[in-house]
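What follows draws every value from the coordinates through simple rules; no lab data is involved. Predicted, not measured: the structure shown is a model, and the values here were computed from it.
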Amino acid sequence: MNWLGWSTRAMIGALVGAILGGFAYAWLLARGWDAPYVVGALAGLAAFVLSPDKSGLRGLIVMTLALWTGAIAQGFAGPFRGVGVLAFHHTLTPARVALYLVSAAVAFALARTSIRRGAGKRAAGA
């Protein structure tokens with residue numbers, strides 16, 4: 001999976017971060033707090049800490065993962081309980097779109113880089 005810009009640790013970390021973020025988002029949503037950016041922050045932070053190098057493509061993949069995880073998690077709690085992923089767009093208001101954009105931006109900004117000082121940028125095909 002190196003052509004995607006991740007190591008196995010970064011991939012597993014992003015998946016675990018997204019799952020934990022999804023549970024946290026569902027828990028917060030059940031208590032009346034619409035915070036999908038929690039998913040983006042946890043998924044992006046996990047990739048940021050575990051990735052050995054910088055990769056813009058990894059940022060895009062983690063961003064997409066965070067958005068889908070947030071969309072799935074909202075169907076399990078709060079006022080959107082029972083709304084499936086296919087009807088996700090019916091739940092969006094301008095304010096909720098802004099919250100999901102923040103989630104995407106945070107996930108991308110964190111996941112595209114690495115916590116390691118002097119981490120190199122991944123080149124295409126390397």
Distance histogram for the chain (every C-alpha pair counted, 10 angstrom bins, percent rounded to whole numbers): 16, 44, 26, 12, 2
Relative contact order of segment 2-111, defined on C-alpha pairs under 8 angstrom at six or more residues apart (%): 36
Residue of ALA109, ALA41, ALA98 that the Gaussian network model of the chain assigns the largest fluctuation, springs spanning Cα pairs under 10 Å: ALA98
For LYS54, residues with placed amide H under 5 Å, excluding near neighbours: GLY120, LYS121, ARG122
0 to 90° range, to nearest 10: angle between helix 56-74 axis and the chain longest Cα axis: 20
Between 0 and 90°, nearest 10: helix 37-50 axis offset from the chain longest Cα axis: 20
At 1.567 mPa s and 4 °C, Stokes D of segment 47-107 from Kirkwood alpha-carbon radius, µm² per second: 102
